[in-house]
Amino acid sequence: MDLETLARSVSEWLKGTGPEADIIVSSRIRLARNLAKFPFLSRADEGIRAEIENQVKDRLLGIKKFGPITYFPIDGMAQLDRQMFVERQLISRELSEAKGARGVAISEEQNLSIMVNEEDHLRIQVLRSGYELDACWKQISQLDDELESQVTYAFHEHLGYLTACPTNVGTGIRASVMLHLPALVLTKEIQKFFQAMHKMNLTVRGMYGEGSQAMGDFYQVSNQTTLGRSEEDIVNTIKTVIPKILDYERNARARLMNDNRRGVHDQVSRAYGILKTAQTISSEETMQLLSNVRMGVNLGLIDDLEIPQINELFIFTQPAHLQKIRKERMESAERNVARAAYLRTKLIQPDEMN
């Protein structure tokens, strides 16, 4: 798999095939690991960073259990390609913007990625469509065991796995789900959702994780700390709260339809109409309009689109993907025109062109 193939492909987690995919876009589990006898990256010079990358690269490529794996060196990669990886959720912004020897190993279905030299020496991630935390945990546990049989992790008998950030010490696990919650936003109940998550020691972030703002009514819910808790306990905490969030969002959708079905239908139809006819449109506006359309599909108000199509548009209309599709670099205004043209191509049905 090369960069061009990756740019044209659709990640497994975008396919909308998993359980509860009307609300839960994806499930993810990430592990932070460091190699023994190497300093944390904040104290590592370029030579040490390169040595860490050299130690793990061949081992990552040698893992055959999860299908073909491709390693992409990030150091020296063009900024546009790095941004495409961020938009795909395959690497973090921190890895994209860092300096020196670093890279990422990615499975063919793009549901597994291992970042090298991000904040920790290794950031292992498994990402799946829908509500699949158990499947994510099973796969990442197998992968972690495979790696630990080949390298020695930094581990303390009482503290657990040692990590660069104290909040990750212990298990080093971060379990999260990405949720689409447009009805809670429309009914102005989203703040109650934030408060409830905070009381349960869970954190809520935007689509691109730490430091990102919510776009298109998408939110990531994850654990805050790991020290003193087992992996299973952390995963089960997330699993305990998810059914309640699903109920809140579905109840809010039902109330919207009961109290103001015509108004909701009008909002959805206007969003769909703008996406199909706009001549210029920003990434932010596209995300919000697609969010309305996605809700409309799930409410049965739109019958000529499917969730996988919309999920793909969320990614392929992002700045880096748009430029990769067009095979040219574009300024913001040019991207807005190109984005509108792309949306018209994807959304206008053949009979609408006559």
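The values are calculated or read from the model by the stated rules, or taken from the named source; none is laboratory data. Being a predicted model, the structure only gives us computed values, none of them experimental. Positions of Cβ are backbone-derived with ideal geometry, glycine not excepted, and every protein chain shown enters the neighbour counts.
State which residue is modelled with the lowest pLDDT when the search covers only the range 35-61 and only residues that are of a type in the set (Asp, Glu) and part of a helix (DSSP H, G or I).
Initially, the range 35-61 is screened for residues of a type in the set (Asp, Glu), giving 45-46, 51, 53, 58.
Right, trim to part of a helix (DSSP H, G or I) and you get 46, 51, 53, 58.
Values: GLU46: 95, GLU51: 96, GLU53: 97, ASP58: 89.
Result: ASP58.
With at pLDDT 95 or above and assigned to a helix (DSSP H, G or I) as the only criterion, which of ALA183, ALA196 stands out?
ALA183
Is it the case that some residue within the range 12-27 is touching a helix residue (DSSP H, G or I) at 6+ places or on another chain (Cβ under 9 Å), modelled with pLDDT of 95 or more, over 24 Å from PHE316 (Cβ atoms) and assigned to a strand (DSSP E or B)?
no
What single numbered condition from (1) without any contact (Cβ under 8 Å) to a residue 40 or more places away in the chain; (2) under 24 Å from the mean Cα position of the chain (by Cα) fails to hold for ASN336?
Answer for ASN336: the failing condition is (1).
Scan the range 187-198 and give yes if some residue there is closer than 30 Å to SER42 by Cβ and either in contact with a helix residue (DSSP H, G or I) (Cβ under 8 Å, 6 or more places away or on another chain) or not polar (S, T, N, Q) (or both), otherwise no.
Of the range 187-198, the ones closer than 30 Å to SER42 by Cβ are 197-198.
Those still in the list that are either in contact with a helix residue (DSSP H, G or I) (Cβ under 8 Å, 6 or more places away or on another chain) or not polar (S, T, N, Q) (or both) too: 197-198.
Yes; the residues of the range 187-198 include at least one that is closer than 30 Å to SER42 by Cβ and either in contact with a helix residue (DSSP H, G or I) (Cβ under 8 Å, 6 or more places away or on another chain) or not polar (S, T, N, Q) (or both).
Please work out which one of (1) surrounded by 17 or more Cβ atoms within 10 Å (Cβ to Cβ); (2) within 20 Å of the chain's Cα centre (by Cα); (3) closer than 30 Å to MET330 by Cα is the condition ILE281 fails and give its number.
(2)
Hey, among ALA135, ALA105, ALA78, ALA98, which residue is in contact with a Phe, Trp or Tyr (Cβ under 6 Å, 6 or more places away or on another chain), in the same structural domain as ASN223 (by TED's automatic domain parsing) and of a type in the set (Gly, Ala, Ser)? Write out each step before concluding.
Values: ALA135 fails: in contact with a Phe, Trp or Tyr (Cβ under 6 Å, 6 or more places away or on another chain); ALA78 fails: in contact with a Phe, Trp or Tyr (Cβ under 6 Å, 6 or more places away or on another chain); ALA98 fails: in contact with a Phe, Trp or Tyr (Cβ under 6 Å, 6 or more places away or on another chain).
Just one listed residue meets the conditions, ALA105.
Looking only at the range 164-176, decide whether some residue is in the same structural domain as LEU41 (by TED's automatic domain parsing), surrounded by 20 or more Cβ atoms within 10 Å (Cβ to Cβ), on the phi > 0 side of the Ramachandran plot and not in a loop (DSSP other than H, G, I, E, B). Show your work before the answer.
Residues of the range 164-176 in the same structural domain as LEU41 (by TED's automatic domain parsing): 164-176.
Within this subset, residues satisfying the condition of being surrounded by 20 or more Cβ atoms within 10 Å (Cβ to Cβ) are 168, 170-176.
With the extra rule that they be on the phi > 0 side of the Ramachandran plot, the set shrinks to 170, 172.
If we keep only those that are not in a loop (DSSP other than H, G, I, E, B) too, we end up with 170.
Yes.
Which ones in the range 216-228 are buried (at least 18 other Cβ atoms within 10 Å of the Cβ) and modelled with pLDDT under 90? Don't jump to the end; show me each part of the working.
Within the range 216-228, the subset buried (at least 18 other Cβ atoms within 10 Å of the Cβ) is 216-223, 226.
Listed by number, the residues that qualify are GLY216, ASN223, THR226.
Report yes if some residue within the range 14-22 is among the β-branched types (Val, Ile, Thr) and surrounded by 19 or more Cβ atoms within 10 Å (Cβ to Cβ); otherwise report no.
Initial filter on the range 14-22 (among the β-branched types (Val, Ile, Thr)): 17.
With surrounded by 19 or more Cβ atoms within 10 Å (Cβ to Cβ) added as a condition, the list becomes none.
Checked against the condition, which is being among the β-branched types (Val, Ile, Thr) and surrounded by 19 or more Cβ atoms within 10 Å (Cβ to Cβ), the range 14-22 yields no hits at all.
Take VAL126 and decide whether it is assigned by TED's automatic domain parsing to the domain that holds LEU112, within 19 Å of GLY67 (Cα to Cα) and not polar (S, T, N, Q).
Working: assigned by TED's automatic domain parsing to the domain that holds LEU112: yes; within 19 Å of GLY67 (Cα to Cα): yes; not polar (S, T, N, Q): yes.
Answer is yes for this residue.
Answer with yes or no whether ALA183 is touching a Cys at 6+ places or on another chain (Cβ under 9 Å), buried (at least 17 other Cβ atoms within 10 Å of the Cβ), at negative phi and in contact (Cβ under 8 Å) with a residue 40 or more places away in the chain.
Details: touching a Cys at 6+ places or on another chain (Cβ under 9 Å): no; buried (at least 17 other Cβ atoms within 10 Å of the Cβ): yes; at negative phi: yes; in contact (Cβ under 8 Å) with a residue 40 or more places away in the chain: yes.
Spelling it out, it is not the case that ALA183 is touching a Cys at 6+ places or on another chain (Cβ under 9 Å), buried (at least 17 other Cβ atoms within 10 Å of the Cβ), at negative phi and in contact (Cβ under 8 Å) with a residue 40 or more places away in the chain.
Limited to the range 169-209, what total is found for residues that are among the hydroxyl-bearing types (Ser, Thr, Tyr) and under 18 Å from the mean Cα position of the chain (by Cα)?
To start, the set of residues in the range 169-209 that are among the hydroxyl-bearing types (Ser, Thr, Tyr) comprises 171, 176, 187, 203, 208.
When the remaining residues are screened for being under 18 Å from the mean Cα position of the chain (by Cα), the result is 176, 203, 208.
Looking only at that region, the number is 3.
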